[in-house]
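The values are calculated or read from the model by the stated rules, or taken from the named source; none is laboratory data. Quick caveat, the model's predicted, so the values are computed rather than measured. Here the Cβ positions follow ideal geometry from the backbone for every residue, glycine too, while neighbour counts run over all protein chains shown. Protein only, heavy atoms only, side chains kept; ligands, DNA and RNA dropped before computing areas. Shrake-Rupley method; radii C 1.70, N 1.55, O 1.52, S 1.80 Å.
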Amino acid sequence: MAEGFSSSRTSTGTGTGTGTGTGAGTGAEPRHCTGAWCGVVLVFAGALAVASSGCSAYWPLSAELESRIRAEATLSPSIAEHDQVIEEATRAADGTVEPPGAFALPEELRLRDYLALALERNPRIQAMVRNLEALGMKVPQVTSLDDPMIDFMPPTGRMTQTASGEVDASLGLSQKIPFPSKLAARGRVAEQMVRVGLEQLRETRLRVIADVKNAYYAHYVTTVSIDVTRENQGLLERIREVADGKFRSGTAPQQDVLRAEVELYELSNHLLTLEQEQRTSVALLNVLMDRALEAEVPPPPPFEPERIEWELDGLMQRAANTNPELAALREQVRRDIASIRLARLEYLPDFTVGGAWTWIGGGISPVANGRDVWNLTVGMSLPIWLHRIRAGIFERNAEALSSALQYKSRRNDVFFAIQDALVRVDTQYRSAILFRDAILPRARQTVQVSESGYQSGSVDFLTWIDNWRRLLQFTVQYHTALGALERGFADLEQLVGGELDRSAPDGPTAEDEN
């Protein structure tokens with residue numbers, strides 16, 4: 001950098017031929033660049049120091065929130081990979097996103113394996129993670145100062161004449177500074193939104209888990225129903241053969257054979273419906289795992305009914321503490337409280353600090369010295385429109401009261417849903433036990449007795465067919481009750497906000513106490 005610059009104007013007074021004469025009346029003194037640039041640097045450094053003193057760090061979150069966001073932000077591409085982000089977003093905008101693939105699954109796949117795949121791959125969860133990253137990035141934006149303003153007045157038009165000489169140009173820098181604590185208050189509001197986002201992410205995960213369990217047990221019911229129906233097809237084939245033998249021997253009418261054939265056709269038609277329902281449940285499981293819709297899924301293994309020993313009071317207490325939707329609403333209320341405090345700070349003024357450097361050229365006055373001028377400025381806003389400020393505070397008050405009532409309303413809804421789910425799982429458990437231990441054994445025995453009675457002539461064919469139909473119906477109802485029991489338990493876990501043991505603890509858990 002050159003050491004400085006001299007004025008383009010030359011002395012009009014008398015002096016030596018070099019134009020650098022000394023003494024009054026000989027013109028402006030020679031100005032060296034050092035003084036001018038030092039002044040400019042001083043103004044800039046002072047204003048920037050003030051600006052940087054109020055600026056936030058890159059990620060001005062609490063250590064807890066920073067840790068939680070970083071633990072979630074493991075997706076690819078990262079938000080710092082600009083080209084990859086644009087490429088990914090462009091594919092979605094153009095509709096050229098590749099469909100999910102049919103990756104292989106283990107032959108013996110358990111429910112926990114489906115859950116692990118869905119939690120890792122589900123796009124709904126990944127979208128909420130990205131939303132959480134976006135919320136985290138709002139904090140440094142709202143807690144930073146506005147950009148400084150630079151004002152430059154070039155030597156154009158008729159410049160101002162001063163006693164020191166004519167103004168050549170002027171350069172200024174200013175920075176707006178909110179009243180102390182306003183930036184911190186904005187940060188607290190933004191941090192509360194991050195906490196809301198964390199709870200919404202947890203709620204999304206729980207919903208995906210419940211959806212996977214519901215789809216899994218729907219797949220179980222349809223798969224078992226298909227197996228039971230096919231098994232009963234074999235039984236009905238044997239019934240038709242018995243009826244056909246008796247018809248050929250002249251001991252039974254042809255009507256019995258025709259009725260058996262009609263029942264077989266009806267079973268085949270029912271199988272078509274069950275296979276369609278099975279494809280739907282498989283497709284839903286695949287969607288939740290971000291897998292090709294038509295990809296095959298292994299049949300679920302059989303299981304026995306297990307009792308749920310929780311009481312309503314314990315579940316409601318657990319939900320009040322751990323339900324993520326209720327937790328998100330509580331964080332929203334805290335955000336509204338922080339917003340009220342921020343709105344009240346509008347009564348306090350904001351400030352503006354700045355500085356300017358003005359270059360002075362040679363003047364027409366014989367005493368003009370041509371020295372450059374610098375100055376500092378301090379300004380302050382005047383919050384005099386009190387109706388606007390009051391309206392903003394009242395708006396935040398109304399929002400806080402609305403959020404509090406939303407929490408109360410949703411908590412009542414959750415408690416009712418828990419009571420309903422608890423009654424349903426208890427009813428389905430009792431129903432499954434009744435089918436397994438009482439109805440099904442007697443229904444099988446009735447069919448066997450009917451078969452013997454038909455062959456001996458003591459039971460008519462319609463009675464045998466009716467008893468067989470009831471056995472098929474009761475068998476399907478038993479497995480339907482099993483699936484409904486587990487689906488209801490999945491809904492119960494979603495409502496309380498996490499995985500539940502079948503047996504209720506004797507006292508409150510550590511999670512409840514927190």
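Overview of results
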{"item": "Residue pairs meeting the criteria (Cβ under 6 Å; at least 6 apart or on separate chains; first closer than 13 Å to I433 by Cβ and open to solvent by 50 Å² or more (accessible area, probe 1.4 Å), in segment 304-315; second modelled with pLDDT of 95 or more and not in a loop (DSSP other than H, G, I, E, B))", "result": "R307/Y429"}
{"item": "Residue in segment 115-129 that is over 16 Å from I209 (Cβ atoms), modelled with pLDDT of 90 or more and open to solvent by 40 Å² or more (accessible area, probe 1.4 Å) present", "result": "yes"}
{"item": "Boolean, P301 is more than 31 Å from the chain's Cα centre (by Cα) and within 18 Å of Q477 (Cα to Cα)", "result": "yes"}
{"item": "Exclusive hit being at pLDDT 95 or above, in contact with a Gly (Cβ under 9 Å, 6 or more places away or on another chain) and either on the phi > 0 side of the Ramachandran plot or part of a helix (DSSP H, G or I) (or both), set A320, A343", "result": "A343"}
{"item": "Among (1) at pLDDT 90 or above; (2) outside any helix (DSSP H, G or I); (3) of a type in the set (V, I, T) - the single one T26 does not satisfy", "result": "(1)"}
{"item": "Sole exception among (1) open to solvent by 70 Å² or more (accessible area, probe 1.4 Å); (2) not aromatic (F, W, Y); (3) not in a loop (DSSP other than H, G, I, E, B) for I384, by number", "result": "(3)"}
{"item": "Hey, T273 of a type outside the set (A, V, I, L, M) and open to solvent by less than 70 Å² (accessible area, probe 1.4 Å) or not", "result": "yes"}
{"item": "Extreme residue, farthest from R371 (Cα to Cα), among residues of segment 178-209 that are over 26 Å from the mean Cα position of the chain (by Cα) and open to solvent by 40 Å² or more (accessible area, probe 1.4 Å)", "result": "S181"}
{"item": "Residue list for segment 404-423, filter: open to solvent by 60 Å² or more (accessible area, probe 1.4 Å) and touching a residue at least 60 places away in the same chain (Cβ under 8 Å)", "result": "Q406, R410, R411, Q419"}
{"item": "Any hit, segment 366-377, residues being over 30 Å from T480 (Cβ atoms), within 31 Å of the chain's Cα centre (by Cα), surrounded by 13 or more Cβ atoms within 10 Å (Cβ to Cβ) and among the aromatic types (F, W, Y)", "result": "no"}
{"item": "Within segment 236-263, tally of residues that are crowded, with 16+ Cβ neighbours inside 10 Å and assigned to a helix (DSSP H, G or I)", "result": "13"}
{"item": "Test: residue in segment 287-301 that is in contact with a helix residue (DSSP H, G or I) (Cβ under 6 Å, 6 or more places away or on another chain) and assigned to a helix (DSSP H, G or I)", "result": "yes"}
{"item": "Exclusive hit being more than 30 Å from R502 (Cβ to Cβ) and touching a residue at least 12 places away in the same chain (Cβ under 8 Å), set V378, V459", "result": "V378"}
{"item": "Within segment 150-166, tally of residues that are in a loop (DSSP other than H, G, I, E, B), among the β-branched types (V, I, T) and at pLDDT 80 or above", "result": "1"}
{"item": "Meets criteria (buried (at least 19 other Cβ atoms within 10 Å of the Cβ), in contact with a His (Cβ under 7 Å, 6 or more places away or on another chain), at pLDDT 95 or above and of a type outside the set (S, T, N, Q)) for V212", "result": "no"}
{"item": "Residue count, segment 80-114 (criterion: in a loop (DSSP other than H, G, I, E, B) and either out of contact with any Asp or Glu (no Cβ under 6 Å at 6 or more places or on another chain) or open to solvent by 80 Å² or more (accessible area, probe 1.4 Å) (or both))", "result": "17"}
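Residue-by-condition table, conditions (1) modelled with pLDDT of 95 or more; (2) within 30 Å of G497 (Cα to Cα); (3) not polar (S, T, N, Q):
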{"residue": "I393", "(1), (2), (3)": "yes, no, yes"}
{"residue": "E399", "(1), (2), (3)": "yes, yes, yes"}
{"residue": "A404", "(1), (2), (3)": "yes, yes, yes"}
{"residue": "D420", "(1), (2), (3)": "yes, yes, yes"}
{"residue": "Q428", "(1), (2), (3)": "yes, yes, no"}
{"residue": "A432", "(1), (2), (3)": "yes, yes, yes"}
{"residue": "R442", "(1), (2), (3)": "yes, no, yes"}
{"residue": "Q445", "(1), (2), (3)": "yes, no, no"}
{"residue": "Q448", "(1), (2), (3)": "no, no, no"}
